[in-house]
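Report on the following structure.
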Amino acid sequence: MMASVVRPDIYISADVETDGPVPGPFSLLSFGFAAVGRYDGAHLERWPPREQTFYRELRPISEEFQPEALAVNGLDRERLRRDGTDPSEAMAQAATWVNDISAGHRPVLVAYPVAFDWGFLYWYFERFAPGGSPFGHSSCLDIRTQYQALAGTVFDRSGKAAMPDFLLPSVPHTHNALDDAVEQGELFANLLEWATRRRAQVARAHERDTAEPSWLSSHMFPIA
């Protein structure tokens with residue numbers, strides 16, 4: 001049996017702005033991707049946050065919308081009806097961008113929270129992109145879950161307000177999809193680097209704990 005090839009990850013931070021809670025009845029109005037970097041299981045090669053990005057504003061696909069959603073993101077549906085990119089064109093372009101940037105790697109979408117962003121993006125990729133989702137059906141990670149697991153805390157204490165300052169991104173959350181993809185990508189990279197440091201500390205502690213006990217050393221029991 002041939003061993004499966006383990007590819008390094010390429011992490012792509014994503015954010016969406018919509019006019020409602022679910023795709024289909026409601027529309028994806030804009031989305032942004034920001035490439036975070038390459039990870040081989042030991043080292044993160046972190047890329048400049050705006051070096052490789054993708055952003056599109058889309059034409060709505062239905063007449064339904066929630067005014068409160070538009071109040072949050074500030075997008076104008078009437079303008080997008082006229083000037084927004086056709087969803088088929090936008091998703092095909094996005095899939096090509098993801099495939100190009102992740103050649104030879106596994107593309108992994110990261111978001112905060114991933115459930116909402118992934119739901120819209122996966123539905124739109126499968127509905128409008130010729131080859132479907134470039135992330136497959138499951139290549140995604142949730143940033144909040146990552147923090148909760150690392151911190152060993154409960155969900156109610158895993159939001160950004162509970163995170164230590166050294167993990168928080170340096171840029172604000174603006175509700176522009178590209179800005180927020182960059183912001184959340186920085187948070188993800190900070191968390192991954194924190195996890196790597198903690199893993200190294202645990203390994204060093206394990207090496208100390210499993211070292212030869214002092215009572216077995218040669219100076220305690222000299223060799224004749």
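Throughout, read-outs are computed from the coordinates displayed, never taken from laboratory work. Being a predicted model, the structure only gives us computed values, none of them experimental. A quick note on method: Cβ atoms are made from the backbone with ideal geometry, for glycine too, and the neighbour counts reach across all protein chains shown.
Taking 11 Å as the cut-off, the amide N atoms of the range 76-112 that come nearer than this to a point 7 Å along the Cα-to-beta-carbon line of Val5 belong to 104-106.
Summing +1 for each Lys or Arg and -1 for each Asp or Glu, what net charge is found among the other residues whose Cβ lies under 10 Å from the Cβ of Val16? Around Val16, the surrounding residues sum to -4. Relative to a virtual label point 7 Å from the Cα of Glu63 in the Cα→beta-carbon direction, which members of the range 6-20 show backbone nitrogen distances below 18 Å? Hits in the range 6-20 for Glu63 at 18 Å: 19-20. Hey, what D do you get for the chain in µm²/s if you plug the Kirkwood alpha-carbon radius into Stokes-Einstein at 20 °C and 1.002 mPa s? Stokes-Einstein gives a translational diffusion coefficient of 110 µm²/s. Stretched out straight at 0.36 nm per residue, the stretch from Leu150 to Glu89 would grow longer than its current Cα-Cα span by 18.0 nm. Between Thr85 and Glu57, Leu58, Arg59, the built amide H atoms are under 5 Å apart, and every one of these is 5 or more places off in sequence or on another chain. Per-residue Karplus couplings for the range 170-179, computed as 6.51 cos²θ - 1.76 cosθ + 1.60 with θ equal to phi - 60°, are listed in order as 8, 10, x, 8, 10, 6, 8, 4, 6, 3 Hz, Gly and Pro entered as x.
With θ taken as phi - 60° and the Karplus curve 6.51 cos²θ - 1.76 cosθ + 1.60 applied, the whole-hertz 3J(HN,Hα) list for the range 147-161 is 5, 4, 5, 5, 7, x, 10, 9, 4, 5, 10, 10, x, 4, 5 Hz, x standing for glycine and proline.
For the chain, take the longest principal axis of its alpha carbons; what is the angle in degrees between that and the long axis of helix 87-101, to the nearest 10 within 0 to 90? Tilt of helix 87-101: around 20 degrees.
For the chain, what is the mean residue ellipticity at 222 nm derived from helices alone (per DSSP H run of n ≥ 4: -39500 (n - 2.57); sum divided by total residues; nearest 500 deg cm²/dmol)? The helix-only estimate for the chain comes to -12500 deg cm²/dmol at 222 nm. In the chain, the longest principal axis of the Cα atoms and the axis of helix 114-128 are about 50 degrees apart. Placing unit charges on the Cβ atoms only, positive for Lys and Arg and negative for Asp and Glu, gives the chain a dipole magnitude near 640 debye about its Cα centre. Amide H contacts for Gly37 (H built 1.01 Å from N in the peptide plane; partners 5 or more residues away or on another chain; cut-off under 5 Å): Tyr11, Trp47.
The DSSP beta bridges internal to the range 9-213 are antiparallel in roughly 65% of cases.
Inter-label distance, Asp40 to Phe116: 3.7 nm, where each label sits 7 Å from its Cα along the C-beta direction.
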